[in-house]
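Asker: This structure is in structure tokens; I'll ask about it shortly.
What follows is calculated from the coordinates using simple rules that are stated; it is not laboratory data. In this text the structure is predicted, and so the values were computed from the model without any measurement. So basically every Cβ, Gly included, is an ideal-geometry build from the backbone, and we count neighbours across all protein chains shown.
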Amino acid sequence: MAFDYDKYIRPGKLPHIWCPGCGHGIVMKGMIRAIDTLGLDKNNTAIVSGIGCASRLPGYMDFCTLHTAHGRAAAFATGVKMAKPEMNVILVGGDGDGTAIGGNHFIHACRRNIDMTYIIMNNNIYGMTGGQFSPCTPTGAKASTTPYGNPDPAFDVAKLAIGAGATFVARGTAYHATQIDKLIVEAIQHKGFSVVEILDDCPTTYGRRNKFKSVIEMMNRLKEIAVPIKAAEKMSAEQLEGKVITGVLYKEERPHYTGEYAKVIARAQK
Amino acid sequence: MEKKLPTIEIIEKYCKGCHICVEFCPTKVLEMKGFVASVKNLEACIKCMQCELRCPDFAIKVSA
């Protein structure tokens, strides 16, 4: 039987606003399959986002959802988790929302190790606001605000998350659709702050400016640059040049924030 | 024994014509008919579900 996505989508909300070929829909499907696999209760799951194309996602999902200020998904989600520690909290957002405007919230959520899952859809650009360059735009790439090429090096979201203290970090791509739900399932099951970066395509504002002739070319690029972590271990540094490693990149067990905070409350009440 | 064919439902209202399903189908079952995808060669379908998985618009449903 075909998978019944409609069970988890608010009636009458489709078709969504994303452009033809945008990978956000693929990520949303992966997320729905992951939620279905885990059997999460709709009334006990909060999906929180900031602003941007990717942040439109909670609007379609039939869960407790929160569409907040630009970059502030992590801040609002922290509030939800602190008020209701038993709730499953999933954050979604794009690279601009998560690593630029919400960069500070992001790194501190990582540092605190709050038991939440952050799905970052990295399409290398600010899509919704008109194709400005983001911290994840590759060096030399063109955006509406870097018409002669971007001089900045790009953030490696996974390395940033590991460095800031996230205890589960994984990376997938929109092309590798079957992998997305597996990574999200593992991320939600992990007790602590988990980050799943999904490399995505933006054909409208990134592809057209950067000589990608079609959505298919962008998807093929994702296929070519992705190297599974097991295969990457056997490859030399030269072979890995220009590639990105996918799979579960980092995992550790560390006390999580709501658990530690409950201890503080207990100490204060003594 | 006759091969049991799957059914591929394409919701035309949702399809935005991105070509992903047509290009990445390993057995070339689908084609573009105007702006939307349509089934061209159902007999070749191997039920790999890649079109359904990769359709960003929730427009394809494959039932084996």
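Asker: Tell me, what does the Kirkwood hydrodynamic radius of region B:7-63 come to in angstroms if you use every pair of distinct C-alpha atoms?
Answerer: 10.9
Asker: While we're looking at this one, here's another question. Could you tell me which of rounded, prolate or oblate describes region A:17-269, using a ≥ b ≥ c as the square roots of the eigenvalues of the alpha-carbon gyration tensor, with rounded for a/c under 1.5 and, failing that, prolate when a/b is larger than b/c and oblate otherwise?
Answerer: Judged from the Cα gyration tensor, region A:17-269 comes out prolate (a/c at least 1.5, a/b above b/c).
Asker: Any idea what the dipole of the protein assembly as shown comes to, in debye rounded to 20, about its Cα centre with Lys/Arg Cβ at +1 and Asp/Glu Cβ at -1?
Answerer: Here the size comes out at about 300 debye.
Asker: Count neighbours as other Cβ atoms within 10 Å of each site's Cβ, and list the chymotrypsin sites (Phe, Trp or Tyr not before Pro) in region A:139-191 that are DSSP loop with at most 15 such neighbours.
Answerer: Answer by residue number: A:Tyr148.
Asker: Another one. If one computes the Cα centroid of region A:150-164 and of region A:106-141, what distance in Å separates the two points?
Answerer: Using only Cα atoms to place each centre, the spacing works out to 9 Å.
Asker: Tilt of helix A:103-112 relative to the longest C-alpha principal axis of chain A, in degrees (0 to 90, nearest 10)?
Answerer: 40
Asker: Given an 8 Å cut-off on Cα distances and at least 6 residues of separation, report the relative contact order of region B:7-63 as a percent.
Answerer: 45
Asker: While we're looking at this one, here's another question. What percent does the relative contact order of region A:120-181 come to when contacts are Cα pairs within less than 8 Å and at least six residues apart? Let's see the in-between values first.
Answerer: Working: 75 pairs, mean separation 11.7, N = 62.
Relative CO of region A:120-181 lands at 19 percent.
Asker: Here is a further query. Over chain A, what is the mean sequence separation of C-alpha contacts under 8 Å (at least six apart), divided by residue count, expressed as relative contact order in percent?
Answerer: About 18 percent, as a whole number.
Asker: Which GluC sites (Glu not before Pro) in region A:195-264 sit in a loop by DSSP (not H, G, I, E or B) and have at most 15 other Cβ atoms within 10 Å of their own Cβ?
Answerer: Values: sites: A:Glu197, A:Glu217, A:Glu224, A:Glu233, A:Glu238, A:Glu241, A:Glu252, A:Glu253, A:Glu260; in loops: A:Glu238, A:Glu241, A:Glu252, A:Glu253.
Here the sparse-neighbourhood loop sites are A:Glu238, A:Glu241, A:Glu252, A:Glu253.
Asker: Roughly how tilted is helix A:215-225, in degrees to the nearest 10 and between 0 and 90, from the longest Cα axis of chain A?
Answerer: Tilt of helix A:215-225: around 70 degrees.
Asker: Please average, across the residues of A:23-34, the number of beta carbons from any other chain that are within 10 Å of each residue's own beta carbon, and give a whole number. Numbers along the way, then the final one.
Answerer: Working: counts 3, 1, 10, 6, 1, 2, 7, 1, 0, 1, 1, 0.
Mean number of neighbouring Cβ atoms from other chains: 3.
Asker: Take the alpha-carbon centre of region A:193-270, take the same for region B:10-64, and report the distance between them in whole Å.
Answerer: Result: 28 Å between the Cα centres.
Asker: Could you check how many percent of all C-alpha pairs in region A:209-270 are farther apart than 20 Å?
Answerer: 58
Asker: Mind checking the mean number of beta-carbon atoms from other chains within 10 Å of the Cβ atoms in B:18-27?
Answerer: On the way: counts 11, 6, 13, 0, 1, 6, 6, 0, 0, 0.
For this peptide, the per-residue mean of nearby foreign Cβ atoms is 4.
Asker: Fully extended, how many nm does the chain gain between A:Glu224 and A:Thr145 (0.36 nm per residue separation, minus their Cα-Cα distance)?
Answerer: Extending this stretch completely gives an extra 25.7 nm.
Asker: Need one word for region A:72-212: rounded, prolate or oblate. Basis is the Cα gyration tensor (sqrt eigenvalues a ≥ b ≥ c); a/c below 1.5 gives rounded, then a/b vs b/c decides.
Answerer: It is prolate, given that a/c is not under 1.5 and a/b is the larger ratio.
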